Amino acid sequence: MRTSVADTTALVRRFVEPRRLGRRARQRFDAIDAGAERCLIPVIVLVEWWMLYERGRLSASPARLLEGLAGHPAYDVLPLDVSQAMEFGALTSLRDPMDRLIAAAARAHDADLLSSDSVFDEHGLRRVWD
């Protein structure tokens, strides 16, 4: 089963602004929603979602997001683990520590990365968006 890691922007757009998803990202989320693929959500994405919620940029809290995903077996929150920490150390050219953690999750799980951010393109990741 194909696995993707979703970054914060991809997840926000999927559940808040679906019209702003890239074509390929929308297709991937449709496959995930149908149960044909799997989506991993790094725990740092929930932290970033909280930050956006606290600043008033999102109206739904991460708790509400998790409630909505609770019954869906294709979405899993991915806790930080040793393999991700080791990949984090190999990604020193990514300046933003949250981006590094998201990229590390994708690399540790050999997963595609659902992201609109081209900063990931130079780090051996298979980014899916347009």
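The values are calculated or read from the model by the stated rules, or taken from the named source; none is laboratory data. A quick note: this is a predicted structure, and the numbers were derived from the prediction, not measured. For neighbour counting, all protein chains shown are included, and Cβ atoms are generated from backbone atoms with ideal geometry for every residue, glycine included.
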task = Would you tally the residues in segment 1-25 being buried (at least 18 other Cβ atoms within 10 Å of the Cβ) and in a helix (DSSP H, G or I)?
result = 8
task = Given the conditions (1) closer than 22 Å to residue 116 by Cα; (2) in contact with an Asp or Glu (Cβ under 8 Å, 6 or more places away or on another chain); (3) not aromatic (Phe, Trp, Tyr), report the number of the one that residue 14 does not fulfil.
result = (2)
message = Six or more apart or on different chains, Cβ atoms under 7 Å: show the pairs whose first residue is in segment 93-109 and without any contact (Cβ under 8 Å) to a residue 60 or more places away in the chain and whose second is of a type in the set (Gly, Ala, Ser) and surrounded by fewer than 23 Cβ atoms within 10 Å (Cβ to Cβ).
response = 107/124; 108/83
request  = Would you confirm whether any residue within segment 1-13 is more than 11 Å from the chain's Cα centre (by Cα) and farther than 22 Å from residue 100 by Cβ?
outcome  = yes
query = If you take the residues in segment 46-62 that are touching a helix residue (DSSP H, G or I) at 6+ places or on another chain (Cβ under 9 Å) and of a type in the set (Gly, Ala, Ser), which one is surrounded by the fewest Cβ atoms within 10 Å (Cβ to Cβ)?
reply = 59
message = Can you confirm whether residue 28 is without any contact (Cβ under 8 Å) to a residue 40 or more places away in the chain and either more than 20 Å from residue 2 (Cβ to Cβ) or among the charged types (D, E, K, R) (or both)?
response = no
inquiry  = When you scan segment 48-57, do you find a residue that is within 14 Å of the chain's Cα centre (by Cα), farther than 15 Å from residue 3 by Cβ and outside any helix (DSSP H, G or I), even just one?
reply    = no
remark   = Going through segment 100-110 in order, the residues found to be over 10 Å from the mean Cα position of the chain (by Cα) and more than 12 Å from residue 78 (Cα to Cα) are 100, 107, 110
query = Does residue 110 satisfy the criteria of being in contact with a Cys (Cβ under 9 Å, 6 or more places away or on another chain), under 23 Å from residue 27 (Cα atoms) and not in a helix (DSSP H, G or I)?
reply = no
message = I'm checking my understanding of the structure. Among residues of segment 87-115 that are out of contact with any helix residue (DSSP H, G or I) (no Cβ under 7 Å at 6 or more places or on another chain) and over 11 Å from residue 125 (Cβ atoms), which one is surrounded by the most Cβ atoms within 10 Å (Cβ to Cβ)?
response = 109
task = Mind listing whichever residues of segment 56-68 are closer than 15 Å to residue 10 by Cα and either at pLDDT below 95 or of a type in the set (Gly, Ala, Ser) (or both)?
result = 62, 65
